[in-house]
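Peer 1: One structure coming up, written as structure tokens, with questions to follow.
Here, each number is a calculation from the coordinates, and none is a lab measurement. Predicted, not measured: the structure shown is a model, and the values here were computed from it. Neighbour counts are summed over all protein chains in view; Cβ atoms, including those assigned to glycine, are modelled from backbone coordinates with ideal geometry.
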Amino acid sequence: MYEAQTFSLPALDGISQKSVEDHLALYQGYVKNFNAISALLPEYAKDSEKNAHALAELIRRRSFEFDGMRLHEHYFTQFEGGASPMPTSGAFADALVKEYHEPKNLIPYLTAIGNMRGPGWALLSWDPVGKNFLAGFVGEQHQGHFATLPIILALDVWEHAYILDQGVSGKGKYIEAFFKNLNWSVIEKRFAAVA
């Protein structure tokens, strides 16, 4: 059984406290649902022939709940400690230069990914074998991951992340607020742990 984490979040510029509270409640729902599905699986597996369809759907849904739980844990920890500037020197900045020519070029690239249509996530991952970043869009939260790659930065672009503050067409403004509030030292530490 998993327990929802608590996060020490400062006031965020452009993302209201109410929006953060609602978002945290959604995260807690992923944890609760993952645990509930996990508890059901052994019972359904006792007669897997009779329960084949239900079991298959529970197993599919379980990864959705798990990924929602873990991606939100990545998301919220990026704000802990308050906003800090994107690093311009060091191993992380050097890797960004290799991939994007300048560290700051990562932001418009991830913004373009985040502005894609559909609910999901813009993720920046690191491939320790290829020694390069891979950025992409993960549909919902379980379709399109780069398998086994550690996530360095997670931008939630589901409507629940921005609709309360920015309205249905406010994804772009929300993404600006996201990057304005990001604690880049958290991102840099994630990179250092896997590079």
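Peer 1: For the stretch 1-117, what does the convex hull of the Cα positions come to per residue, in cubic angstrom?
Peer 2: Dividing the Cα hull volume of the stretch 1-117 by its residues yields 165 Å³.
Peer 1: Sticking with this structure for a sec: So if each residue of separation counts as 0.36 nm, and I subtract the Cα-Cα distance between Leu41 and Val168, what length gain in nm does that give?
Peer 2: 42.0 nm
Peer 1: Let me check against my output: what whole-number percent is the relative contact order of the chain, with C-alpha pairs under 8 Å and at least 6 apart?
Peer 2: 26
Peer 1: Considering amide H positions built from the backbone, and no H for Pro or chain starts, which residues 5 or more places from Trp158, or on another chain, come under 5 Å of its amide H?
Peer 2: Under 5 Å from the amide H of Trp158 lie the amide H atoms of Gly120, each far enough along the sequence or on another chain.
Peer 1: Still on this structure, I have one more. Taking the chain as a Gaussian network, Cα atoms linked when under 10 Å apart, which of Leu123, Leu12, Leu58 shows the biggest mean-square fluctuation?
Peer 2: Leu58
Peer 1: Could you quote the convex hull projected area for the stretch 120-195, Cα atoms only and averaged over all directions, in nm²?
Peer 2: Averaged projected hull area, Cα only: 5.3 nm².
Peer 1: Between the helical axis of 91-100 and the dominant principal axis of the chain, each derived from Cα atoms, what acute angle in degrees is found, rounded to the nearest 10?
Peer 2: The answer is roughly 90 degrees.
Peer 1: Right, another one. Could you please state, rounded to a whole Å, how far the C-alpha centre of the stretch 174-195 is from the C-alpha centre of the stretch 50-127?
Peer 2: 10
Peer 1: In percent, how large is the relative contact order of the stretch 1-102, given Cα pairs closer than 8 Å and 6 or more residues apart?
Peer 2: It comes to 38 percent, rounded to a whole number.
Peer 1: Determine the calculated [θ] at 222 nm for the chain from helices alone, applying -39500 (n - 2.57) to every DSSP H run no shorter than 4 residues and normalising by the residue count; nearest 500 deg cm²/dmol.
Peer 2: -16500 deg cm²/dmol, from helical runs alone.
Peer 1: Report, largest value first, the span of the C-alpha coordinates of the chain along each principal axis, in whole Å.
Peer 2: Rounded to whole Å, the extents work out to 58, 41, 30 Å.
Peer 1: So, one more: Enumerate the lysines that Lys180 could reach by cross-link, defined here as Cα to Cα under 24 Å, with residues fewer than 8 away along the same chain left out.
Peer 2: Straight-line reach from Lys180, under 24 Å: Lys18, Lys98, Lys104, Lys171, Lys189.
Peer 1: Residues with beta-carbon under 15 Å from that of Ala54, excluding Ala54: net charge, scoring Lys, Arg +1 and Asp, Glu -1? Kindly include the intermediate steps, with their values, before the conclusion.
Peer 2: Values: positive: Lys46, Lys50, Arg60, Arg61, Arg62; negative: Glu43, Asp47, Glu49, Glu57.
Result for the local shell: +1.
Peer 1: Based on the alpha-carbon set only, what is the convex hull volume of the stretch 72-186 divided per residue, in Å³? Mind showing how you got there, number by number?
Peer 2: Details: hull volume 11.4 nm³, N = 115.
Cα convex hull per residue, to the nearest whole number: 99 Å³.
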